[in-house]
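Here, each number is a calculation from the coordinates, and none is a lab measurement. Everything quoted here is computed from the prediction, not taken from an experiment. For neighbour counting, all protein chains shown are included, and Cβ atoms are generated from backbone atoms with ideal geometry for every residue, glycine included.
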Amino acid sequence: MIFKKKSILHHLIPLSLGDRLFFNNFKKKAVFLSGIAFPVIWIWKDFFNYFVLKENETVFLLASYDGIWYMPIPPQGESPLSETIPRAFEMMDRLNPHPSFSRIENLGMKEVSETHGQPFKCYLKSWDYLYERTKITELKGAGFKEKRWGFNTFIKHQAYEYRPFIREDIPGCTALFGEWGAKKKNASIHQEKSYALQLIEDSAVAHRRMMEEAGPLGIIGRVVTMGSMVKGYIFGVELDENTLIVLAEITDISIKGLAQFIFRRFCEELNTYQWVNTMDDSGLLPLRKVKNSYHPFLLVPSYTLEHRKVPALF
């Protein structure tokens, strides 16, 4: 079948919160990748328009911004990717101003292997940091000495409350993010400054949506308060029955040990999971350093697929 742009647009259905349960049925195919989890996609919907197209038992999730179309996750269904990926590119090529914009993100290694021999190329876009949950909760050994010191310093010297997030915490969390963001902007190294500034601004919007829709999304939130002030928050969501995704963690960086405390306490509380995925490092060296300091068990690669040779315009 040859797709026409109008025909494709006619069949697109806007992504809704009700699609979350459907996502749960297929997200386990990409082992450990956070980018295929519905909440991870949904909280960025202020920047992207998401649509679902269903055809022959295959589901295509498309995203658009500024007239550009791409797929944030591979096609889902029982049909082999060797059949559905060419179909996906055919659709994107018709929607985009030029085929060079067409791409599919968040492919795991197994999915990449299924594209061999096809006219597409893949590249490593990022990697998720995966930890054994018990390593974070125990903090044993010389490699975690500084983390133990930070945790113990906080609980010894601070009066605090660690408790579940409620909607009334949103203003306090938003204010904390503003203070945190201002300090991070000033600390950004020159080479990353413009990118870091934009990422902080965009993350503020995503965090707000995450908090406002935490309930329907199945997101678990915890806050640390000192007096009446929110000084830290952390949010997570289940990827699968064995893996917890940490979506966000923000703390007052002037309080020693608070970051170590809230991360350890959160992982300690959610003790039914074997693995903790803290997503990627957004290409920021300071964040990469922090995530590596917790000694990840595995760096989970996330690949992007695009045309090997861009086809001619239609």
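The range 180-254 gives an Rg/Rh value of 1.02, both radii derived from C-alpha positions and Rh following Kirkwood. The P(r) of the range 129-300 has a tail past 28 Å containing 19 percent of all C-alpha pairs. A straight chain from Thr225 to Lys185 at 0.36 nm per residue would run longer than the Cα-Cα distance by 12.0 nm.
Helical runs (DSSP H, four residues minimum) scored at -39500 (n - 2.57) apiece and divided by the length of the chain put the mean residue ellipticity at 222 nm at -11000 deg cm²/dmol.
Reported value for the chain: 142 Å³ per residue, from the convex hull of its C-alpha atoms.
Model label points for Glu168 and Ser7, set 7 angstrom from Cα along the Cα-to-Cβ axis, are 5.7 nm apart.
Rounded to the nearest 0.05, what FRET efficiency is calculated for Ser64 and His116 with R0 set to 41 Å and r the Cβ-Cβ distance?
E(calc), rounded to 0.05, equals 0.90.
Extension gain, Met109-Glu57: 0.36 nm per intervening residue step, less the Cα-Cα distance, totals 16.4 nm. Spin-label model, Glu212 to Ser293: label points 7 Å out along the Cα-to-beta-carbon direction sit 3.4 nm apart. Tell me, in nm to one decimal, what length is gained between Glu78 and Ser16 on full extension, where the rule is 0.36 nm per residue of separation less the Cα-Cα distance? Full-extension gain reported as 20.1 nm. Rounded to 0.05, the FRET efficiency of the Lys193 and Lys256 pair, given R0 = 35 Å and the Cβ-Cβ distance, is 0.85.
Of the residues Ala259, Leu239, Val276, the one whose Cα sits farthest toward the positive end of the charge dipole of the range 239-278, with +1 on the Cβ of Lys and Arg and -1 on the Cβ of Asp and Glu, is Ala259. If you bin all the Cα-Cα distances of the range 73-225 at 10 Å, starting from zero, the percentages per bin are 8, 20, 27, 27, 14, 4, 0.
In this label model, Leu285 and Asn271 are separated by 4.1 nm, measuring between points 7 Å along each Cα→Cβ vector.
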